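Notes follow the structure.
The values are calculated or read from the model by the stated rules, or taken from the named source; none is laboratory data. Keep in mind that what you see is a predicted model, and the values were worked out from it rather than measured. In this analysis, Cβ positions are derived from the backbone assuming ideal geometry, glycine residues included, and neighbour counts consider all displayed protein chains. These area figures cover heavy atoms from the full protein model, side chains too; ligands, DNA and RNA do not enter into them. Shrake-Rupley method; radii C 1.70, N 1.55, O 1.52, S 1.80 Å.
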Amino acid sequence: MISIVPTILARTRTEFDARFAVLQPHFLKAHLDVLNNTLVNGESFHEAEYIGRQAGIIKFEVHLMVDLDDYDLSIWNQPWVEKMIVHCEAAGAGKQLSDMRSWGKQLYIAANPDTQTDVLKPHLTHSDGCMVMTVMPGHMGAPFQPQALDTITWVRKQYPKLPIEADGGVSNETLMSLLDLGVTTVAVGSYLKNENIENRLFDLIALIERFEQKKVSPRGRKK
């Protein structure tokens, strides 16, 4: 089952509220980008207590684009958080992962488009999935990075059953190439802008349905 998860990269509480209000009628999950000027330049609004009060029935995947040395991960050990995503490039990633696994949440390892697979590989056997950044991280609307397709291809070949999420630059023009390589979840930001979210979400769903139909033979059996 291929999933679409909308991203929230808000600089202020007001931006968060506006984005979240638009997403609520259409989604049961959301992807929260967390930046604190360490791993990635820039800061985002990520007050966990406030976000938890707004969450309601929405479940979150928390994408930590931060160095993990001296970072208090426990603020995200909340019922409304179902997935944690940490970067293989982050300082302190290795020693923090065991604590996160004890929470019983999904744990994904992320890699930037230009990260070598030998940096990513040691973490994959102990992860529930892999997220490949398909843009350079830090702000919504960044251009799609084709080299990320090589990383996705490598992950799918090495780990045929591992869920793969692609984050960034997902649109009606790039979605099919991601699905063809075995991506199972797409985190979508700027393409699902607040003002045109309904029409563009419909377009993505239609493409996913077309992709699924392609995998089925005329006799109703998967190829």
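If you check I57 against the conditions, is it in contact with a Ser or Thr (Cβ under 7 Å, 6 or more places away or on another chain) and surrounded by fewer than 20 Cβ atoms within 10 Å (Cβ to Cβ)?
no
Do any residues in the range 210-222 that are open to solvent by 100 Å² or more (accessible area, probe 1.4 Å) have Cβ atoms under 7 Å from those of residues that are modelled with pLDDT under 85 and of a type outside the set (D, E, K, R), where the two are at least six apart or on different chains, and which pairs are they?
From the range 210-222, the pairs are K222/V216.
Can you tell me which of G104, G94 is in a helix (DSSP H, G or I), over 13 Å from the mean Cα position of the chain (by Cα) and not β-branched (V, I, T)?
G94 is the lone residue from the list that is in a helix (DSSP H, G or I), over 13 Å from the mean Cα position of the chain (by Cα) and not β-branched (V, I, T).
State which residue is most open to solvent (accessible area, probe 1.4 Å) when the search covers only the range 34-54 and only residues that are farther than 14 Å from V81 by Cβ and in a strand (DSSP E or B).
E43
Run L97 past the list (1) at pLDDT below 95; (2) in contact with a His (Cβ under 8 Å, 6 or more places away or on another chain); (3) closer than 22 Å to S190 by Cβ and report the number of the one that doesn't hold.
Here L97 clears every test but (3).
Could you grab me the full set of residues in the range 64-89 that are open to solvent by less than 10 Å² (accessible area, probe 1.4 Å) and closer than 18 Å to L120 by Cα?
L64, M65, V66, L68, M84, I85, V86, H87
Let me confirm something: among P122, P143, P160, which residue is open to solvent by 60 Å² or more (accessible area, probe 1.4 Å), part of a helix (DSSP H, G or I), at negative phi and in contact with a Gly (Cβ under 9 Å, 6 or more places away or on another chain)?
Unique residue meeting the criteria: P122.
Could you list, in sequence order, all residues of the range 1-19 that are outside any loop (DSSP other than H, G, I, E, B) and either modelled with pLDDT under 95 or open to solvent by 10 Å² or more (accessible area, probe 1.4 Å) (or both)?
Residues satisfying the conditions are S3, I4, R13, T14, E15, D17, A18, R19.
If you go through the range 107-118, how many residues are exposed (fewer than 14 other Cβ atoms within 10 Å of the Cβ) and part of a helix (DSSP H, G or I)?
Selection size over the range 107-118: 1.
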